[in-house]
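> What follows is a single structure, and I will ask about it in a moment.
The values are calculated or read from the model by the stated rules, or taken from the named source; none is laboratory data. All figures in this text were calculated on a predicted structure; none of them were measured in a lab. Every residue, glycine among them, receives a Cβ derived from its backbone with ideal geometry; neighbour counts consider all protein chains shown. For the accessible areas, the whole protein counts, side chains as well, though only heavy atoms, and no ligand, DNA or RNA atoms are used. Shrake-Rupley method; radii C 1.70, N 1.55, O 1.52, S 1.80 Å.
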Amino acid sequence: MNKRGLGIVIAVAILVVASFVPESADLSHQGIMAIASLLFAVSLWVCGSFSVGVTGILALVIAVVMGATDYKAVFSGFGVSVVFYVIAIFALPALLLKTQWGVRLVAKLFKLTGESSEKLILAFMIGTCLISTIMSDVPAAVLFMGISYVVLKAAGAEPGKSRLGKCMMIAIPIAAVIGGVVTPAGSSFNMVAMGVLTGATGQTISFLDWIIVGLPIAVLCIPLCWISIVKILKPEQLESSAYDSLRQAAADAGKPTGFEVRALVMILALPVLWIAGTWVPLLNVTTVAIIGLAIMMLPGLNLLTWDEFSKQVPWTIILMMGSVLSLGNIFSASGADKFVTNLFMGSGVADLNFTVFLLITVAFIYLLHTIAPVGAAIISLFLPILIGICTTLGVSPAIPTMLLAFIVAGNFLLPVNPTLIVTYGEGYYTFGDMFKAGVIPAVIFCVCMVLWVPFICGVLGL
């Protein structure tokens, strides 16, 4: 039996077994079926049994059929602002591809990296990481994904075949997630976690203190994750002709045209407004992205047409994203999340050595977030419990606050969170490729956080 068929068998088996599991006071029938529906989707995604979009929609229908929810609530994830935000930000790579800015930037990078695809990937990771420290992870990933098209097109890198394409499309979102830990502005979940901390204890974490904690994690993780990715996926070297053609294209580009200047203003204005949104609530990332898209299409300005934009949006991935968020909402609404949390916290793990307790907790939440990427729900569920435990032990509650914020920003095992979804839609890598390349970076990320955050929080007196 091939892999696709095996996925279907496993998915059906999960539903059959779940239908015989009796409900209890701790877990209702809806909760059992919510867990089953989620695992149903994951098994089909991992095995590639159907298109990712079809699998997502199918899992939602299965959730209704199995009694996890009803049709009024099943598509709730499609109504959240982040879906429209992700759709709108694909205007950035669409506009970038109409200019020569990407070619000019890549030509500059070649002066630093030479004719080495490995060094070029590192340069993209560093650039993505730096940008992601001051804007949300998703637009940072999308922006550098657009720039990477210039390299991949020149190299003739075919989706699904090119190892360079796999490396680039996996490395960019991983770098964006790592960059998001450096400052409070790097991820919206950083602010959510700080809000929970302040509400529970009255304590806050300053911008500078957050940087002191997060920056060393990024400095250590970027090179280690880069080494892991290029050693595992082994990107092919670019042909000299590809380098020559890109250098020549940059030389032929000449001075920027009026269109390119207007395009650059838009490309730079959106990140600036997203950063300003950290302090100005009106500049919500979704609002800025959608208004920015409309401005690009203004008559007379004509930076972008609908056809150019819609061709750039991976609509099947948008279906997958809405489905993932909907499944996460069903998981939470059914009480399955509380059951899993209570099961974990009641296992006696809190009685272990504090470092071991943190490592197990971080690994558990990381894996839970991999299959149920509902970051806000995970923070609201776990963080108050962990703050209570730390307070009882006389440990700073800033430690679990920062750890949870870092974890739910995204993970490197499966492309089911928004940051990884945007590059997965390009077709360069599979779920299996992501898992194979992401396991070691995931371990590095989690271990670095658990060892460093408690230590530096103690030094800073947080």
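> Hey, could you pull the Cα Rg and Dmax for segment 303-462, both in Å?
My reading of the Cα-based Rg and Dmax gives 18.0, 60 Å.
> Between LEU367 and VAL280, what is the spin-label point distance in nm, taking each point 7 Å from the Cα along the Cα→C-beta axis?
4.5 nm
> Separate question: Semi-axes of the equivalent ellipsoid of segment 95-154: what are they in whole Å, largest first, if each equals the square root of 5 times a C-alpha gyration tensor eigenvalue?
The equivalent ellipsoid of segment 95-154 has semi-axes of 18, 15, 9 Å.
> Let me ask something else. Just going by the charge dipole of the chain, with Lys and Arg at +1 and Asp and Glu at -1 on Cβ, which of LEU282, ILE232, ALA442 is farthest out on the positive end?
ILE232
> Taking a probe of 1.4 Å, how large is the accessible area per residue of segment 78-199, in Å²?
Value for segment 78-199: 30 Å² per residue.
> Still on this structure, I have one more. Heavy-atom accessible area per residue, segment 293-398, 1.4 Å probe: how many Å²?
With the other protein chains kept in place, segment 293-398 gives 41 Å² per residue.
> How large is the Kirkwood hydrodynamic radius of segment 316-363, in angstrom, based on all distinct alpha carbon pairs?
Every distinct Cα pair counted, the radius reaches 12.7 Å.
> Can you tell me how much longer the chain between LEU393 and ILE360 gets when fully stretched, taken as 0.36 nm per residue apart minus their C-alpha distance, in nm with one decimal?
10.2 nm
> Given a Förster distance of 41 angstrom, what is the FRET efficiency for SER347 paired with ALA13, based on the Cβ-Cβ distance and rounded to 0.05?
For R0 = 41 Å, the calculated efficiency reads 0.95.
> So, with a 1.4 angstrom probe, what is the percent of accessible area on the chain that is carbon and sulfur?
70 percent
> Let me test this: with uniform point scatterers at the alpha carbons of segment 89-232, what is the Debye-based log₁₀ I(q)/I(0) at q = 0.18 1/Å?
At q = 0.18 Å⁻¹ the computed log10 ratios are -1.01.
> Any idea of TRP315's accessible area? Nearest 10 Å², probe 1.4 Å.
110 Å²
> How much net charge surrounds PHE339 when only the other residues with a Cβ under 13 Å from the Cβ of PHE339 are counted, with Lys and Arg +1 and Asp and Glu -1?
So the surrounding residues net to -2.
> Kirkwood hydrodynamic radius, segment 3-49, all distinct C-alpha pairs: what's the number in Å?
10.9 Å
> Sticking with this one: Using the Kirkwood radius over Cα pairs, work out the Stokes-Einstein diffusion coefficient for segment 20-77 at 25 °C and 0.890 mPa s, in µm²/s as a whole number.
For the chosen part, D equals 207 µm²/s.
> Ratio of Rg to Rh for segment 177-253, alpha carbon only, Kirkwood?
With Rh from the inverse mean 1/r over Cα pairs, Rg/Rh is 1.27.
> Compute the distance in nm between two label points, each set 7 Å from the Cα along the Cα-to-Cβ direction, one at ASP252 and one at LYS108.
With each label point 7 Å from Cα toward Cβ, the separation is 2.2 nm.
> Report P(r) for the chain: all Cα-Cα distances, bin width 10 Å, range 0 to the bin holding the largest distance, values in whole percent.
Using 10 Å bins, I get a P(r) of 4, 20, 30, 27, 14, 4, 1, 0 for the chain.
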